[in-house]
Amino acid sequence: MTIKVFSAGFGRTGTLSLKQALEQLGFGPCHHMEEVIKTGPAQVQLWSAAADGKPDFEAIFEAIFDGYHSAVDWPTAAFWREMAAAYPRAKVILSSRTPESWVKSFSDTILKVLLDRPNWPPHMTDWLTMVTRVVIDRSLGGVTDPAGLIEVFKAHEAAVKAAIPADRLLVHSAKDGWEPLCAHLGVPVPTTPYPRTNSTEEFFELMKGAGPN
């Protein structure tokens, strides 16, 4: 299998809904942080190697994405440039929302957990360490304050738009629904509603099962 489409959008930009949408459209299985949670140490080690800057990204990605046709969310979004190069025929999506709404959602969920290191459960330490490196260090450049996060988010989206050719990229918000996504991927529009999931409450439910047990 190879990656046919991936998202460069940060987590908390409708990525779990996008995962479900891509799978419904026939581009599954779709890799998401949820998959890292499910598979445990093997994926954590591979993404940690990527965060270490190992030179052979294609080999790392081949191991990470074995069995997947698409990928969204972090950790993928932290390596969007490498992904674009490793999968030159893959379509790219920039899952998006307003910067202010993203900062609130991110701060209330992912960031809240990552900054609470003294209270990390021991069995989740390796996973959360990797996530911290990928999210805070690599994607955000160490920025965690609200004003700084807004600027980082804007800069990230601008960088993606500048680097990926327009005919390869779709900027997509969950509210946009099926039509632009299906047009970008060249598939029919489903008759069912576009998926809507991963509220703050759902995020913390997912967290309960995170990390190797």
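The values are calculated or read from the model by the stated rules, or taken from the named source; none is laboratory data. Computed from a predicted model, the values in this text were never measured in an experiment. Note: ideal-geometry Cβ built from the backbone for every residue, glycine included; neighbour counts use all protein chains shown.
Brief remarks follow.
- Applying the criterion of being assigned to a loop (DSSP other than H, G, I, E, B) and of a type in the set (A, V, I, L, M) to the residues of region 127-152, the residue that is surrounded by the most Cβ atoms within 10 Å (Cβ to Cβ) is L140.
- Only listed residue being closer than 18 Å to T2 by Cβ, part of a helix (DSSP H, G or I), among the aliphatic types (A, V, I, L, M) and at pLDDT below 95, chosen from A59, A84, A49: A59
- Pairs meeting the criteria (first residue in region 181-196 and farther than 19 Å from L169 by Cβ, second residue aromatic (F, W, Y) and surrounded by 14 or more Cβ atoms within 10 Å (Cβ to Cβ), beta carbons under 9 Å, at least 6 apart or on different chains) are V189/W178; P190/W178; T192/W178; P193/W178; Y194/W178.
- Exclusive hit being free of Cβ contacts under 8 Å to residues at least 24 places away in the same chain and under 18 Å from the mean Cα position of the chain (by Cα), set A174, A158, A162, A166: A158
- Members of region 91-113 that are surrounded by 18 or more Cβ atoms within 10 Å (Cβ to Cβ), over 14 Å from the mean Cα position of the chain (by Cα) and not charged (D, E, K, R): V103, S105, T109, L111, V113
- Scanning region 1-42 for residues that are hydrophobic (A, V, I, L, M, F, W, C) and either modelled with pLDDT of 95 or more or in a loop (DSSP other than H, G, I, E, B) (or both) turns up M1, I3, V5, F6, A8, F10, L18, A21, L22, L25, F27, C30.
- Per the listing G67, G53, G26, the residue uniquely free of Cβ contacts under 8 Å to residues at least 40 places away in the same chain and surrounded by fewer than 16 Cβ atoms within 10 Å (Cβ to Cβ) is G53.
- Scanning region 158-172 for residues that are outside any loop (DSSP other than H, G, I, E, B) and in contact with a helix residue (DSSP H, G or I) (Cβ under 8 Å, 6 or more places away or on another chain) yields V160, A163, L169, L170, V171, H172.
- Which numbered condition A49 misses (of (1) within 16 Å of the chain's Cα centre (by Cα); (2) farther than 26 Å from A166 by Cα): (1)
- Flag for W74 being assigned to a helix (DSSP H, G or I) and either basic (K, R) or surrounded by 18 or more Cβ atoms within 10 Å (Cβ to Cβ) (or both): no
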